[in-house]
Structures are given as C-alpha cells and as structure tokens.
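The values are calculated or read from the model by the stated rules, or taken from the named source; none is laboratory data. This structure is a prediction, so every number in the text was calculated from the model and none was measured. Cβ sites come from the backbone with ideal geometry, for glycine too, and all protein chains shown count toward neighbours. Each accessible area value is taken on the protein alone, full model and side chains, heavy atoms only, with ligands, DNA and RNA left out. Shrake-Rupley method; radii C 1.70, N 1.55, O 1.52, S 1.80 Å.
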Amino acid sequence: MKEHRVEAVERALSIIECFTIDRQELTLTQLSQETGLYMSTILRLCGSLERYGYIVRNGSGEFRIGPSLWRLGSLYSRGFERAEIIRPHLVELVATIKETATFYVRDGNDRVCLFREVSPHALRFDIDEGSRLPMDRGAAAHVLRAYSKPLPDSDHEVRKIGHVVSISERTPGVSALAVPVFDRFGNLRGALGLSGPSFRFDENARSEALAALLDHSKQLKL
C-alpha cells in the first residue's frame, strides 16, 4: 500500500519530539536548531499546537509540552497495561538485579518504552518513558519482532530459546536482556527487560537476571 504522509503534520510532530525529561523547556532558537525549521515556520506550527493544548508558551517565551499530551499518554498507557500491575515487577527486578528494568510494547514499526525503573547505580542505562525506538536493534526489539506475525525468518531462534541478549547493539557499552510477556491466552503483550553497562552486566550477571525475568514474565499474565 502506498505510504501517505503529510509534511506539515510531520513538522509539527518534530517539534514535540524535541522535548525530553532533561529538556522540558526550549526556546524558539533551540527548536529551530533541533528541527532545522525556520523560526517563522515553528511559530506558525506552535500556534496550532498551542490551540489544541500540545504546546504551552510561558511568560519568558520558552515552549514546553502541554496538557493534551499528558492526557493522550495516560490513555495510551491504560490502553496497554495498568501501571499498578507492571511497576511492582520492575521495582522488584531493580531491587534484585540492580540494573534498569523496562517494559516495551510494539507500535507499528517502532517499540515504545511504556514503563521503566532505573538502576540505583550512578553509572546506569536510562531511557524516558514514552520513548520510541526502532525495531531493528536491541534485545526488546528482537523479542517483540520475533513474537509478531508474520514471523521473520531471522527470528526463529529467538522463539526457540525464549529470550534475547544484545551487547552494544543500540548503545555502545550497554548490554540488554529481554523476554516476552504473554496474556492468559498466549498473546504477546510486551517485552520485559534489564539493561546496564556491559562491564557490570556481564555473562554471570545476565544469567541471574534471566532467571528473574522469566519468573516475573510468568507472573505478569496481563
């Protein structure tokens, strides 16, 4: 099927994508540098985004995310899983393994970090909840792809062993481990994973982590 795209919509979305947990307020200049768009174009797009509550401009002229995205994010989260079901498992995994725990779901050709709990270590892997990542790299991506239909030929081995290890595949120096999570009917609901610096999250640590992940994935009958 021919791909349909609207350039103006993509430009507006590129503005929203500039904001992160560490960059919650951005100036017009910063948005222009990040997106490559002219300031006049950004002002027009932000006018529409502000009208619908996706962008808010404060008194000093800086932009930040508006309440409409929080509402949609809450709807998205509830549409997959309830946080009160998944978060306790992530918290327990972090307490046991001491590495960052994540829960990803597939959304088309991307994967989304729905929930995460960070490692207590100062040097750790971190990612924002709601982050969208490609499906071609990373342990969670391989798990989500392997249990999707149709099954790619390259992912038959994943189903055979039931988990994936990735080392420096997406982020240099980071190792990740992920397992699938199914509902009571055997349908894939997401990927449960642990990630940390490769020097610490080595083969021995991953062996312990795999046992913990498999145990929690069995408990998560969503």
Could you give the length gained by full extension between TYR38 and LYS218, i.e. 0.36 nm per residue of separation minus their alpha carbon distance, to one decimal place?
59.7 nm
Taking only the alpha-carbon positions of segment 126-222 as identical scatterers, the Debye log10 I(q)/I(0) at q = 0.11, 0.24 Å⁻¹ comes out as -0.31, -1.39
Percentage relative contact order, the chain, counting C-alpha pairs under 8 Å, at least six apart:
14 percent
Using a Förster radius of 35 Å, what is the FRET efficiency between ASP183 and ASP128 based on their Cβ-Cβ separation? Nearest 0.05, please.
0.85
Once you've got the Cα coordinates, tell me which of LYS149/LYS221; LYS98/LYS218; LYS98/LYS160 are over 22 Å apart.
LYS98/LYS160
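Determine the order of HIS4, HIS89 by accessible area, beginning with the largest, at a probe radius of 1.4 Å.
HIS4, HIS89
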What percentages make up the Cα-Cα pair-distance distribution of the chain when the bins are 5 Å wide from 0?
1, 7, 13, 17, 16, 14, 12, 10, 7, 3, 1, 0
With a 1.4 Å probe and all protein chains kept in place, how do ILE167, ILE65 rank by accessible area, largest first?
ILE167, ILE65
Report, please, the projected area of segment 91-168 averaged over directions, based on the convex hull of its C-alpha atoms, in nm².
5.7 nm²
Under 18 Å from the 7 Å Cα→Cβ point of ARG64, by amide nitrogen: which residues of segment 23-42?
23-31
Using only the Cα atoms of segment 36-123, each taken as one equal point scatterer with no solvent, compute I(q) by the Debye sum, divide by I(0), and report log10 of the ratio at q = 0.15, 0.21, 0.25 Å⁻¹.
-0.80, -0.98, -1.12
Placing each pseudo-label 7 Å from Cα in the direction of the beta carbon, ILE161 and ASP22 end up separated by a distance in nanometres of 3.2 nm
Ranked by accessible surface with a 1.4 Å probe, highest first, in what order do PHE199, PHE63 come?
PHE199, PHE63
Taking the Cα centre of the chain as origin, sum charge times position over the Cβ atoms of Lys and Arg (+1) and Asp and Glu (-1), and report the length of that vector in debye to the nearest 20.
580 debye
List the residues, sorted by chain then number, that are 5 or more residues from ARG170 or on another chain and whose placed amide H is less than 5 Å from its amide H.
GLY138
Counting sequence-distant residues (5 or more places) and residues on other chains, those with an amide H built under 5 Å from that of ILE55 are GLU50, GLY66
